[in-house]
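This report concerns only the one structure given below.
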Amino acid sequence: QAQFVESGGGVVQPGGSLRLSCTASGSIFTVDVLGWYRQAPGMQREMIAGVTRGGVTDYKDFIKGRFTISRDNTKNTMYLQLNNVTPGDTAVYYCNTLPATYRYWGQGTQVTVSS
């Protein structure tokens, strides 16, 4: 069954950087808009950034200027560059279509910001 697979998470210090990757079968990557989501402890999962096949991006205000979303359609891969992270960025990060498709949710990748 087609599903997204996220990777690249880990423990990072405040102010540090991390790059997350997201892959899936080719048929999913033909979708026009993909997005990154995150779920912090005790919180609902929320969309944080989106990107079209043509590279047009959109971000939630709380990550603007710190995170960068991109996608490489030739590699069926999407990325999220996290810079200047704070403890508030601690969450499980997921990728999916935008809006999300329930059957495509993967396991996510854990990002923990801690000194």
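The values are calculated or read from the model by the stated rules, or taken from the named source; none is laboratory data. A quick note: this is a predicted structure, and the numbers were derived from the prediction, not measured. For neighbour counting, all protein chains shown are included, and Cβ atoms are generated from backbone atoms with ideal geometry for every residue, glycine included. Only protein heavy atoms, including side chains, enter the accessible area calculation; ligands, DNA and RNA are left aside. Shrake-Rupley method; radii C 1.70, N 1.55, O 1.52, S 1.80 Å.
Have a look at G16, G42, G55 and tell me which one the Gaussian network model of the chain (Cα, springs below 10 Å) gives the largest fluctuation.
G42
Under 5 Å between amide hydrogens, which residues at least 5 positions from Q3 or on another chain qualify, with H placed 1.01 Å from N in the peptide plane?
S25
Taking a quarter of the surface of the Cα convex hull of the chain, what do you get in nm²?
Quarter of the Cα hull surface area: 6.6 nm².
May I ask you to rank K75, K60 by accessible area, largest first, using a 1.4 Å probe over the protein chains only?
K75, K60
Accessible area, 1.4 Å probe, largest first: how do W36, W105 sort?
W105, W36
Which whole-number percent is the relative contact order of region 1-88 (Cα, under 8 Å, 6+ apart)?
32 percent
Let me spell out the model: positive unit charges on the Cβ of Lys and Arg, negative unit charges on the Cβ of Asp and Glu, origin at the Cα centre of the chain. What dipole size does that give, in debye rounded to 20?
For this selection, approximately 80 debye.
Counting Lys and Arg as +1 and Asp and Glu as -1, each charge on the Cβ, what is the dipole of region 52-92 about the Cα centre in debye, to the nearest 20?
The calculated dipole for region 52-92 is roughly 120 debye.
Keeping every protein chain in place, order D72, D89, D61, D32 by accessible area at 1.4 Å, biggest value first, i.e. largest first.
Largest accessible area first, the residues go D61, D32, D72, D89.
Considering only protein heavy atoms, what is the solvent-accessible area of I69 at a probe of 1.4 Å, reported in Å² to the nearest 10?
The accessible area of I69 comes to roughly 10 Å².
Ignoring any ligand, DNA or RNA, what whole percent of the accessible area of the chain comes from carbon and sulfur when the probe is 1.4 angstrom?
For the chain, the apolar C and S fraction of the accessible surface comes to 49 percent.
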